[in-house]
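Q: Dropping the structure in here first, questions after.
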Amino acid sequence: MKNSIPAGMNRRRFLATVGGFAATPLLLQAFNKQDSVLTSQPYAQSNDILEYNVIWDKPSTDASGQMPLGNGDITAGVYAIEDDDLYLLLGKNDALTYQGDIFKTGLVKISLSPNPFIKGKPFRQVMDMKTGSVQINANNVKIKVWADANRPVYHVEIDSPDEISVQAQPQFWERFDHCLFNNFDVTEDDIQKTNTDNPTQDVRIERNGNIIWYFDVGNRSVFKEDMKYYDVEEMIGKFSDPFSYNTFGNLLESSGLSLKDGSLMGKGRNFDIRIHSQTKQTPVVEDWISAIEKQAAQPLRTKADWKQHCKWWSDFWNRSWIFVADNTLSPEQKEELDSEGYKSMREGKDGAALVTQSYNVFRYLMACQSRGRVQTKFNGGFLSQPLRCTEENKGKLWVNRQEDGTLLSHPDDRDWGRRFTFQNQRLLYWPLIASGDSDLMKPFFNYYFNLLPVRKAITQAWFGHEGAYYRENIEPTGAERDCGLSGKPPKTKPGENEGKGYYHSYYFTSGLETTAMMIEYVKYSADKEFQNNVLVPFAREVLLFFDKHYLRDDNGKIRLDPNQALETWWITINSSPDIAGLQFCLNELLEMNVGTEKDKLTWKRFSTEIPMVHLHKIEGREAIAPALEWKMEHNSENAELYPVFPFQLFGVAQGTQDLVEWTMENRSNKDKFDYKCWTQDQIDWAYAGRAEKAQEGLLHRFRHASTQCRFPLYGSKGPDSCPDFDHFGSGSVALQKMLIQCKGKKIVLLPAWPKDWDVDFKLHAPENTTITASVKNGEVRHLKVTPESRRKDIVFRK
């Protein structure tokens, strides 16, 4: 294979036409250097990614037709309205209100005259993943919108062949007090009701020829009330309030425009309109204003900054990649990808191309919104946007009726409100380990680790023992609003669990899975600083909670009671997720030889007290059970598969794929929600080595779209939200596990890969290892292992 693709031939067609030598894989046979004919280097990935851009050939009709971009901290939904103007809906990672809702920072309207967006005029809008930009060519007027990868500023560059008039100004909408989905049960009435009928609004000022606008949270915050509610008032002085006096907003400026009548206006052929964004907690708003003015005053070298911006994105795309092609289709059948939304399912014969686009667009979206202070959210992240709604949506979302009678959701609102629900959040970040995106993982780890002092204090105050428990909805304050009727786990005694609680009553698995993710990150990255300063102290407190919280049985083994298996089985003893999580975390930590000597002795003792994951027989064959005992089903998760993923005790690499397969065949909930959202069937089929099942599920999963927005890769509402990012995170993990599974030093290549899919990929593996390979018709045509010393650890599964 060659680095370049012949002119006029797209990458998918190129893959279907090239020839080469093959190395025949054998069942779990070690792959040696002499087995491979290394005929080439991999493709230039920054060129490949262009094949999967989203492209529109006409303007949008309303604000639901947005195209996303971002630099990890600031985001924008870009949309040009037919017969109207260009708009940027702006978001920022830490634009938090007084109780944790994340608001938009503003909306900018840019008007051009003569108007290039007139109906019927030539138009092309591209979400260019290669450069992290949105590029528009409207009647020969070229517009490039980008959020600088290295500083918090947006650029709107306009290049016209003829002189045009340009007008730029912020637009405003009426802010609400809070998302309708939010639950207020653990906050005091005066905090809940203050100003809800007259909520805070944006402030707009003009200074030094620029337009500045901001949202000032003021001294309102639920932080103190949260700490009082959990009987940890001492944390008020020890832990910073994440909400009070938070101020966020923007500054609009352009050297080619002048301030006149409330807008930046001017005439010319070339413009660079810049929007600076900032969040700052300060009781003096003038401090925020001075800070953003100082930021905007720093010299910008747009051409040089664009070059460095493009370098960041080039480096990002070259960290890892996956490109899949269907080798059963002729070049003529390899259809172009459908980029239009407002439909429930994406059609098109080339499902492999659709899977590739879904994987890469999800990775692009995570790069756009996961380099800031706060982890991004499963329910739209910082790219949430107005959605087309029906009358039945009213009551769950703030909606606005448009002039044509249609309903659009409020720019600040979202399904599931402010929640950081862990069952969903985790799936955004698991795939970033194998893709080598450590910088994108930091906000996730920091979010939970930085709350450790509060979680320890709450655990001690509520349960009266050491350690730290983490449940589903952990707020930025460390509290658990939206986590049951009281926001506190019941103090039920062993043997008295009657299942009368809530979905999260005895569901403490989140802390174990976060620990497991930290362990995997350290194994892959060899980041010793993170290992010693984050993983070890976090694992110490999470494991200590389980050690102190539960009794032992007559054999000296821990007996998890009261207990539940995720949100599904409300009455359990020794649920498989928790037993597997304890086994995995303790065994891995001991094998890694980390922690103090006291930690090692404690973990070694505790590991001997963990029973085996319970197995049971179905039709004479063993399968993994949800728990030692289980009853009262309420949700649709497969708790019996958590020992497979995320806790990786069973699978192809462990030699137990048959056990996983039989468990999958008899799982409690099969393909629930039509393969959507946080379900992980395709991940588990990959661990079972069932390539055709994983492939079928991915095709079905990634065909789902949304009738509520134009962008075709935001996932659909139900059971969660639109945009639904955990939907794509789960599919991304599955695709990675179809290519590589690891156990100890062993790296199993192609453990569940279908023969009718060709693939080029680069993925990361433990011990700072990368695997770059090309596969055609089930045979490896290229393999590169870095470092070379790890080649001996590669094995194949036929």
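Q: Which lysines, if any, have their Cα less than 24 Å from the Cα of Lys119, not counting same-chain residues under 8 positions apart?
A: Lys58, Lys109, Lys142, Lys144, Lys267, Lys343
Q: Past 21 Å, Cα to Cα: identify those pairs from Lys442/Lys600; Lys307/Lys784; Lys456/Lys491; Lys676/Lys737; Lys238/Lys598, in the order given. Don't jump to the answer; show the numbers that get you there.
A: Values: Lys442/Lys600 26 Å; Lys307/Lys784 30 Å; Lys456/Lys491 17 Å; Lys676/Lys737 18 Å; Lys238/Lys598 27 Å.
Checking Cα-Cα distances, Lys442/Lys600; Lys307/Lys784; Lys238/Lys598 exceed 21 Å.
Q: Next question. Give a residue-ordered list of calculated ³J(HN,Hα) values for region 721-726 (Karplus: 6.51 cos²θ - 1.76 cosθ + 1.60, θ = phi - 60°; whole Hz; x for Gly, Pro).
A: Listing the rounded values in order: 10, 10, x, 10, 7, 5 Hz.
Q: Given a Förster distance of 30 angstrom, what is the FRET efficiency for Leu699 paired with Asp57, based on the Cβ-Cβ distance and rounded to 0.05? If you can, show how the numbers build up before the last one.
A: Numbers: r = 26 Å, r/R0 = 0.87.
It comes out at approximately 0.70.
Q: May I pose another question? I'd like the distance between the alpha-carbon centres of region 376-409 and region 247-271, rounded to an integer number of Å.
A: Rounded to whole Å, the Cα centres lie 30 Å apart.
Q: Output wanted: per-residue J couplings in Hz (rounded whole) for region 301-306, from phi through Karplus 6.51 cos²θ - 1.76 cosθ + 1.60, θ = phi - 60°, x for Gly and Pro.
A: 10, 4, 5, 5, 5, 4
Q: When Rg is the radius of gyration of the Cα atoms in region 227-357 and Rh is its Kirkwood radius, what does Rg/Rh come to?
A: Value, to two decimals: 1.17.
Q: Gly106's amide H: which non-local residues (gap 5+, or another chain) put their own amide H closer than 5 Å, with H modeled 1.01 Å from N in plane and none for Pro or chain starts?
A: Those qualifying (amide H under 5 Å, at least 5 residues apart or on another chain) are Leu90.
Q: Starting from 0.36 nm per residue, how many nanometres of slack lie between Lys119 and Asn219 once their C-alpha separation is accounted for?
A: Stretched fully, the Lys119-Asn219 segment lengthens by 31.2 nm.
Q: For the pair Lys500 and Arg605, how long in nm is the line joining their label points, each one 7 Å along Cα→Cβ?
A: In this crude spin-label approximation the distance works out to 3.7 nm.
Q: 5 Å is the cut-off here: which amide hydrogens, built 1.01 Å from N in the peptide plane, fall below it relative to Tyr550, excluding neighbours closer than 5 in sequence?
A: Under 5 Å from the amide H of Tyr550: no residue qualifies.
Q: Hey, if you put +1 on the Cβ of every Lys and Arg and -1 on every Asp and Glu Cβ in region 92-137, which of Pro122, Leu96, Val134 ends up farthest toward the positive end of that dipole?
A: Pro122
Q: Viscosity 0.692 mPa s, temperature 37 °C: give me the Stokes-Einstein translational D for region 618-695 in µm²/s, with Rh taken as the Kirkwood radius over C-alpha pairs. Mind dumping the intermediate values first?
A: On the way: Rh = 12.7 Å.
So the translational diffusion coefficient is about 258 µm²/s.
Q: Simple spin-label model, 7 Å along Cα-to-Cβ: Ile81 to Leu551 in nm?
A: Distance between the two pseudo-spin positions: 6.6 nm.
Q: Something else: For region 714-780 and region 629-702, what is the centre-to-centre distance using only Cα atoms, to the nearest Å?
A: 15
Q: Then there's this: Sort 638-648, 691-701 by the packing proxy (mean of other Cβ within 10 Å over each peptide's residues), most packed first. All intermediate terms of the calculation are to be shown ahead of the outcome.
A: Working: 638-648: 26.8, 691-701: 21.3.
Packing proxy ranking, top to bottom: 638-648, 691-701.
Q: Using a basic spin-label model with each label point 7 Å from the Cα along Cα→Cβ, how many nm lie between Ser165 and Glu206?
A: Placing both labels 7 Å along Cα→Cβ, they lie 1.7 nm apart.
Q: Using θ = phi - 60° and the Karplus form 6.51 cos²θ - 1.76 cosθ + 1.60, what ³J(HN,Hα) does each residue of region 513-522 get, whole Hz, x for Gly and Pro?
A: Ordered by residue, 3J(HN,Hα) equals 5, 4, 4, 4, 5, 5, 4, 4, 4, 5 Hz.
Q: How much accessible area per residue does region 612-753 have, in Å², with a 1.4 Å probe?
A: Details: 4170 Å² over 142 residues.
Dividing the accessible area of region 612-753 by its residue count gives 29 Å².
Q: In what sequence, largest accessible area first, do Asp326, Asp527 appear using a 1.4 Å probe? Don't jump to the answer; show the numbers that get you there.
A: Numbers: Asp326 20, Asp527 45 Å².
Putting Asp326, Asp527 in descending order of accessible area: Asp527, Asp326.
Q: Give me the extension gain from Glu622 to Glu233: residue separation times 0.36 nm, minus the current Cα-Cα distance, reported in nm with one decimal.
A: Value of the extension gain: 135.0 nm.
Q: Still on this structure, please answer the following. With runs of 4+ DSSP H residues as the only contributors, calculate the mean residue ellipticity of the chain at 222 nm using -39,500 (n - 2.57) per run, divided by the residue total and rounded to the nearest 500.
A: -8000 deg cm²/dmol
Q: Okay, moving on. If you keep only loop residues by DSSP, which GluC sites (Glu not before Pro) in region 352-427 have at most 12 other Cβ atoms within 10 Å of their Cβ?
A: Glu403
Q: What are the extents of the Cα atoms of the chain along their three principal axes, in Å, largest first?
A: Over the chain, Cα extents along the principal axes are 82, 71, 48 Å.
Q: Within the accessible area of the chain, what % is carbon and sulfur when the probe is 1.4 Å and the other protein chains stay in place?
A: Values: 13570 of 28650 Å².
Whole-percent figure for carbon plus sulfur exposure: 47.
Q: Please list the non-local residues whose amide H lies under 5 Å from the amide H of Asp73, H modeled 1.01 Å from N, same-chain partners needing a gap of 5 or more.
A: Placed amide hydrogens put Arg371 under 5 Å from Asp73.
Q: Would you mind getting me the FRET efficiency between Glu629 and Asp671? Use the beta-carbon distance for r and R0 = 25 Å, nearest 0.05.
A: E between Glu629 and Asp671, to the nearest 0.05, is 0.40.
The values are calculated or read from the model by the stated rules, or taken from the named source; none is laboratory data. Note that the coordinates shown come from a computational prediction; the quantities given were computed from them, not determined experimentally. All Cβ positions, glycine included, derive from the backbone under ideal geometry; neighbour counts span all protein chains shown. Side chains included, ligands, DNA and RNA excluded: accessible areas come from the protein's heavy atoms. Shrake-Rupley method; radii C 1.70, N 1.55, O 1.52, S 1.80 Å.
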